[in-house]
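Chemist: To start, I am sharing the structure in question, which I have written as structure tokens.
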């Protein structure tokens, strides 16, 4: 078991585990029972000075360890500087995704406003002088209003999809940033 695996299973830093191994520090007394479970030994054995005859390594213990492990196994094979960068700055990836979602959301809102103005006009620009009939941006009078309603329904659906994609992407990015930030702090 590596120091990183044990640190992840215990919820402490790798440096803490390293200090435990070298004798510079000892685990907190509240962590002893958790440490005994992870190592599949008794608390008495942890506190004794004698070595065991046989360290009970089981497949079940290994499965529990992998379930507790905070990151995938393939990350153990990355160079340390890349692994440390991912742990320290990985949450920025979630922030970038959230920002792209915000951009999609803003583009959807702007597109909706522009479609509305191009379909229905600005209000006063479409009236003829001397007449109070509405002349839309495409010309014509009231019969064209029904065609504009259909155009608005299509434009509204299109912009609604863009806005929805933006909101979902924003929420996913925020959640990813929070998860990666928590994961990065756990590995410190």
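Chemist: List pairs: first in segment 174-188 and on the phi < 0 side of the Ramachandran plot and surrounded by 17 or more Cβ atoms within 10 Å (Cβ to Cβ), second in a helix (DSSP H, G or I) and at pLDDT below 80, Cβ under 6 Å, 6+ apart or cross-chain?
Modeler: Once the first residue is on the phi < 0 side of the Ramachandran plot and surrounded by 17 or more Cβ atoms within 10 Å (Cβ to Cβ) and sits in segment 174-188, its partners that are in a helix (DSSP H, G or I) and at pLDDT below 80 give 184/87; 184/88; 187/87.
Chemist: Does segment 111-124 hold any residues that are surrounded by 12 or more Cβ atoms within 10 Å (Cβ to Cβ) and either closer than 30 Å to residue 171 by Cα or at pLDDT 90 or above (or both), and which are they? Talk me through it step by step, then tell me what you get.
Modeler: Step one: list which residues in segment 111-124 are surrounded by 12 or more Cβ atoms within 10 Å (Cβ to Cβ), which gives 111-112, 114-121.
Within segment 111-124, 111, 112, 114, 115, 116, 117 meet the criteria.
Chemist: When you check residue 13 against the structure, is it modelled with pLDDT under 85 and either surrounded by fewer than 10 Cβ atoms within 10 Å (Cβ to Cβ) or out of contact with any strand residue (DSSP E or B) (no Cβ under 7 Å at 6 or more places or on another chain) (or both), yes or no?
Modeler: Details: modelled with pLDDT under 85: no; either surrounded by fewer than 10 Cβ atoms within 10 Å (Cβ to Cβ) or out of contact with any strand residue (DSSP E or B) (no Cβ under 7 Å at 6 or more places or on another chain) (or both): yes.
Answer is no for this residue.
The values are calculated or read from the model by the stated rules, or taken from the named source; none is laboratory data. Please read all numbers here as calculations on a predicted model, not as lab measurements. Heads up, the Cβs are rebuilt from the backbone with ideal geometry, glycines too, and the neighbour counts pull from every protein chain shown.
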